[in-house]
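Okay, so here's the structure we're looking at.
A short reminder: the numbers here are calculations on the coordinates, not readings from a lab. Since the structure is predicted, the reported quantities are computational estimates derived from the model, not experimental observations. For neighbour counting, all protein chains shown are included, and Cβ atoms are generated from backbone atoms with ideal geometry for every residue, glycine included.
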Amino acid sequence: MLTRFSIPTVILAFFCGNHPAVGWESPRQPGIGVAPAAIVIGFVGGMVQHNNVVHSEVQLATRLRNDYPSSVQVRVFENRRGREARREILRLLDVNHDGTLSNAEKLAARIAIYGHSWGASETVTLARALGKEGIPVLLTVQVDSISKPGENDESIPANVAQAVNFYQRRGLVHGRSHIRAADASSTQILGNFQLDYKSRTVNCEGYPWYARAFMRPHIEIESDPNLWRQVESLIRSRLHLSVPDSSKFPAARQVPDKNDERRKAGA
């Protein structure tokens, strides 16, 4: 059975500075004059600042802003600012600026959310909050997800059309190895993909010494350019944006879900 390493909260607080989708997707709805721009929300991990360009989450947001200055609204938040991110999404979806969201405005949403570490946990929490408002999410991406106190980063809510989880298993801090759909008829789990940095190293220049010393694999996955090209490709694809040549992206290794294997064997 796959398990997640239980990491004390204080450690992260100190160290971390083309399948058709199922779900609620409706790119354009009658009843609104202008379709809202696509929205991409990123969350950084630990105590990292939202504008710290050392981190791949911030670099990805910059690339998307540069490529789509008017058609995509991109925001990056500290993982403790999930409520602020929700308010910003509601503001962006309110295309007629009347202060409330109609059903048409909600269902016209095209939203992708991604994050690393605690930011990945906040990714799921934000998606769940949007679901309570009746707002669909096209894609959630979790990178080495570490559950924040009081949050559930394993169960993906039914308003999410597709979700993917990337993780590594080495070092003091490593992420959740398995996510699941709360409602498999509404959410497609694209996979739980394990990456390993034992035989190759990733440049972690710019990170503090204690992060490189005590949690290197956790920041290597955050700094892995090949992984983040895959994340970027997924976001572009789900938002129907131009997609880079995926042939240059090395495939991550997927680890079979032993629980699924046991269920199939017992069927």
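Rg and Dmax over the alpha-carbon atoms of the stretch 132-202 stand at 13.5, 45 Å. Taking the number of Cβ atoms within 10 Å of each Cβ as an exposure proxy, the fewest-first ranking of Thr187, Thr100, Thr140 is Thr100, Thr187, Thr140. The GluC sites (Glu not before Pro) of the stretch 97-153 include none that meets both criteria, a DSSP state outside H, G, I, E and B (loop) and at most 11 other C-beta atoms within 10 angstrom of the site's C-beta.
Distances between every pair of Cα atoms in the stretch 32-92, grouped in 5 Å steps from 0 to the bin holding the largest one, split as 4, 19, 27, 23, 18, 7, 3, 1, 0 percent. The order of Trp209, Trp118, Trp228, going from fewest to most other C-beta atoms within 10 Å of their C-beta, is Trp209, Trp228, Trp118. Taking other Cβ atoms within 10 Å as a rough exposure proxy, Tyr207, Tyr114, Tyr68 sort from fewest to most as Tyr68, Tyr207, Tyr114. With 0.36 nm allotted per residue and the present C-alpha distance subtracted, the Asp183-Gln49 stretch has 44.9 nm of extension available.
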